[in-house]
Amino acid sequence: MSNEIVMGLASTHGDHYQLNTTTIIRHAVRTYPEQEIVYRTADGGWDRYTYADAYARIQRSANALRSIGVRPGNVVGILDWNSRRHFELYWAIPGVAAVMLQMNLRLAPEDLAYVTGHSEASTVLVDESLLAVAEALAPHTSTVKTWVVMSDKPMAEIATTLPNAVHWEDLLAAADPQIDWPVIDETSAYSACYTTGTTGRPKGIYYSHRGIYLHTLAEVASLAINSDDAVMVITPMFHGQSWGLPHAATYGAAKVVLPGRYVAEDTSVLVDAMIAENVTVANGAPAIYQPMMNYIKTLAAAPDLSRARLMSGATEPPLSLMRDFHDITGADIVHGYGATETTPLVALNRDVKHSLRDVLSDDQKWDLKRKQGLPANGVDIRIVDADGNDLPHDGTSQGEVLLRGPWIIERYHKLDDDADKFLDGYWRSGDLGTIDANGYLKITDRIKDVIKSGGEWISSIDMENALVSHPNIVEAAVIGVAHPKWQERPVALIVTADGAEIALEEIHRVLEDKFAKWQLPDTVLFAETLPRTSVGKLDKKLMRSTYADIYIPAPQ
């Protein structure tokens, strides 16, 4: 497809009607004002209000932002969990043409300070529980002029060293209850999110109103979200707009469930809320879903989640996990693919194509679910070799995944040397993948993670998922480590359920049906936990550094 834009005959459509985020919330409130939003309270309990109640606060929030000097184009940061206030700010900040800065609480302090300064954030709203984070940040953020504390407590009961801090609820109480929303140029940035900085400094992605609006339409269609659904926003709202799920849920007028703060070590609160609120759509990663399933297995009666579509990203969900959710609860783990740079929806694997349903065996259908799925309508995708040549969609030819579309970035914010990140208008994902004859995308590895042994490639992702099929292996990572003879050899790091080590021969037996003998790892290490990045992915950069010398002969 050419990059040239050809002008045809002018239309008579309302092409000047701008696609703004406020349109989504306004129309949802207009048609479903009674729909519920369920949220976690500061004391760990639960409360609920309606779309109409939320919209009343959203309007006051927008006016409150204006009262403290927020103007179009200003950047406003949020330090908060998946809370009621955070949800309201998702609409209020971009609604006044400001940019909502998603401040990733999992970033290292120096990276978070860099993000705040690089974005030139002038205002930051912080939940009371995160005051320590804000106070550590404040001395290193010269651009921030206003700190706003969000709490149900009065300001007199809150102790903070933040300079000239103001109280959010006081501002809301004083704000006008209604607002005449501005019409914002749809190409304006509605929000900003920064990559996690695994290579160099975090890079800024600035999402447009148009981009998130069109992304919302695609996500609603892909997941078939409507007013009969209950959507739990599990993935943090402070990174990648929680995969666009707050917008998709609102567009579909679904019940919204906001679980606040939780930890992967105890996901019982998520499962209990999912059962109580009859959740039908949620998002998360295997690192969250596996503990949820472990808890479900302890319940006297398995919950009926047969209507649930559980989006899973970050890494490929093990087949055993997908089968457990299906067999025990009826829920469907929907494997997806995307990145911070892609808003993030690129592909979802929700259904087996109609043409394949009567052709594939049950085992083949389950194997198909390991793929990332069919590309979202609106996203152009290419698989190319090292020279940028397109590869056939035969399911075996591996190449880098290139992406282009209305919600895919075309540049990074204030980064001059990003030309190597793009090719012919496509963003270079850094992922290796295949596309089969039926159109299904399969990510085989990160280019930096693929293991090159004796001139041949070994997929770390495929090996990891084969390993966790062992009944005593709960987590596995496979890394390529420099080898004096074979360039690289795989090293497997394994966490077992009972802490016991497993013999290398037994590990090989798990893998031998799926891998050639030369591909099997020579070394297996056992650990209590595996290191992860700020967004929950296996930190293979750290692992490779830690075990870089494992195959280097000891000096004589």
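Since every read-out is calculated from the coordinates, none of them should be taken as a lab result. Only a predicted model underlies this, so the values are computations on that prediction, with no experimental measurement involved. All Cβ positions, even for glycine, are placed from backbone atoms using ideal geometry, and neighbour counts span all protein chains on display.
Rounded, prolate or oblate: which fits the range 304-400 when a ≥ b ≥ c are the square roots of the eigenvalues of the alpha-carbon gyration tensor, with rounded for a/c under 1.5 and prolate only if a/b beats b/c? Prolate shape, in that a/c is at least 1.5 and a/b is the bigger ratio. Packing, as the average of other Cβ atoms within 10 Å across residues, places the peptides 442-454, 154-166, 17-29 in the order 17-29, 442-454, 154-166, highest first. The angle between the Cα long axis of helix 84-95 and the main principal axis of the chain comes to about 70°, on a 0 to 90 degree scale. When the alpha-carbon atoms of the range 451-546 are used, the pair Rg, Dmax equals 12.8, 37 angstrom. Taking one equal scatterer on every alpha-carbon of the range 217-261, how large is log10 of I(q)/I(0) by Debye at q = 0.29 1/Å? Summing over Cα pairs of the range 217-261 leads to -1.06.
Tell me whether the range 227-337 comes out rounded, prolate or oblate; compute the Cα gyration tensor, take square roots of the eigenvalues as a ≥ b ≥ c, and use a/c under 1.5 as the rounded threshold.
On the way: a/c = 1.44, a/b = 1.27, b/c = 1.14.
It is rounded, given that a/c, with a ≥ b ≥ c, falls under 1.5.
Rounded to the nearest 500 deg cm²/dmol, what is the calculated helix-only ellipticity per residue at 222 nm for the chain, with -39500 (n - 2.57) per DSSP H run of length n ≥ 4?
-7500 deg cm²/dmol
Using Stokes-Einstein with the Kirkwood hydrodynamic radius over Cα pairs, what translational diffusion coefficient do you get for the chain at 4 °C and a viscosity of 1.567 mPa s, in µm²/s rounded to a whole number? Translational diffusion coefficient: 52 µm²/s.
Mind ordering 378-386, 499-507 by average Cβ neighbours within 10 Å, highest first? Could the numbers behind the result be given before it?
Working: 378-386: 16.3, 499-507: 12.2.
Highest to lowest by the protection proxy: 378-386, 499-507.
The alpha-carbon of LYS537 sits under 23 angstrom from the alpha-carbons of these lysines, leaving out residues fewer than 8 places away in its chain: LYS203, LYS369, LYS371, LYS421, LYS442, LYS448, LYS452.
In a shell of Cβ-Cβ distance under 15 Å around LYS203, excluding LYS203 itself, what net charge do Lys and Arg (+1) and Asp and Glu (-1) give? Could you put the intermediate results ahead of the total?
Values: positive: ARG201, ARG411, LYS414, LYS421, ARG428; negative: ASP111, GLU341, GLU410, ASP416, ASP417, ASP418, ASP420.
Local net charge: -2.
Within the same chain, aspartates and glutamates fewer than 8 places from LYS514 are excluded, and of the rest, those with a Cα less than 13 Å from its Cα are ASP367, ASP462, GLU464. Have a look at SER129, PRO236, MET292 and report the one farthest towards the positive end of the charge dipole of the range 26-345, computed about the Cα centre with Cβ charges (Lys/Arg +1, Asp/Glu -1). Of the listed residues, the answer is PRO236.
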